[in-house]
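Any read-out appearing in this document is the output of simple, stated calculations on the displayed coordinates, not a laboratory observation. What you are looking at is a predicted structure, and each value in this text was computed from that prediction instead of being measured. Don't worry about glycine lacking a Cβ; one is built from the backbone with ideal geometry, like all the others, and counts go over all protein chains shown.
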Amino acid sequence: MKLEKGRPADTAGRLDKEIRVYDLLDSLQIPYDRIDHEAAMTMEACAAIDKVLSPAVICKNLLLCNRQQDHFYLLMIKEDKKFKTKEISGQIHSARLSFAGAEFMEKFLDITPGAVSVMGLMNDHDNQVRLLVDEEVLSAEYVGCHPCVNTSSIRLKTRDVFERFLPAVGHTFQSVVLKGED
């Protein structure tokens, strides 16, 4: 695995949704580094990718919904933290949250399980998904995420994600506090 600057020189065989991420980042003049890899299906594989993307904070990106499945949330938390619905629900004034099904990932973010990422918000034109971000993610210099596919990962400045990317795709975020303890 090798860290490369920017988009791949050859985009043959890549999905359109991945190329759209690179197109948008390039149009916004947001620099990023990229690594191509096999689909990461084990923690060991993820650890190897994370090492290459260092010092980026690698996030778990969870698509959540309320019981009625009429409010959806993308939660970005540090990979070493645990999601506890009780911690988040009170902060966002929502009933108990659960994981949203794959059909909602596809419908709102044009993403499949294993590739969920803040980059998917570029596909949420109707703002159906509200972004929640663990405050520790916001304090990191870099963040790592998938470009809407799980066979590549990118590293970009956290500031660029929240100050340039999100406004460009018409989204805001809410900071949340997760203790990450058992």
In straight Cα distance, which lysines are under 25 Å from LYS5, not counting same-chain residues fewer than 8 positions off? LYS17, LYS51, LYS60, LYS78, LYS157
Taking the Cβ-Cβ separation of GLN128 and ASP16 as r and a Förster radius of 22 Å, what is the calculated FRET efficiency to the nearest 0.05? 0.60
Which one is right for this structure if mean projected area of the Cα convex hull in nm² is calculated from it: (i) 11.7; (ii) 9.9; (iii) 9.1? (ii)
Report the Cα centroid-to-centroid distance between the stretch 150-169 and the stretch 6-61 in angstrom, as an integer. 11 Å
If each residue of separation counts as 0.36 nm, what is the full-extension length gain between ALA168 and ALA47 once their alpha-carbon separation is subtracted? 40.5 nm
Could you tell me how many degrees, from 0 to 90 and to the nearest 10, lie between the Cα long axis of helix 43-53 and the main elongation axis, the longest principal axis, of the Cα atoms of the chain? 60 degrees
Using alpha-carbon pairs under 8 Å, 6+ residues apart, how would you state the relative contact order of the chain in percent? 27 percent
In nanometres, what is the gap between the two model label sites at LYS82 and GLU106, each 7 Å from Cα along Cα-to-Cβ? 3.2 nm
Quick one: angle between helix 16-27 and the longest Cα principal axis of the chain, in degrees between 0 and 90, rounded to 10, please. 80 degrees
Extension length gain for SER54 and THR151 (0.36 nm per residue less Cα distance), in nm, is 33.2 nm
Charges at C-beta only: +1 for Lys and Arg, -1 for Asp and Glu. How large is the resulting dipole of the stretch 1-158 about its Cα centre, in Debye rounded to 20? 380 debye
May I ask you to compute the full-extension gain from ASP23 to GLN68, defined as 0.36 nm times their residue separation minus their alpha-carbon distance, rounded to one decimal in nm? 12.7 nm
Taking the simple approach of a point 7 Å from Cα along Cα-to-Cβ for both SER89 and MET1, what is their distance in nm? 3.5 nm
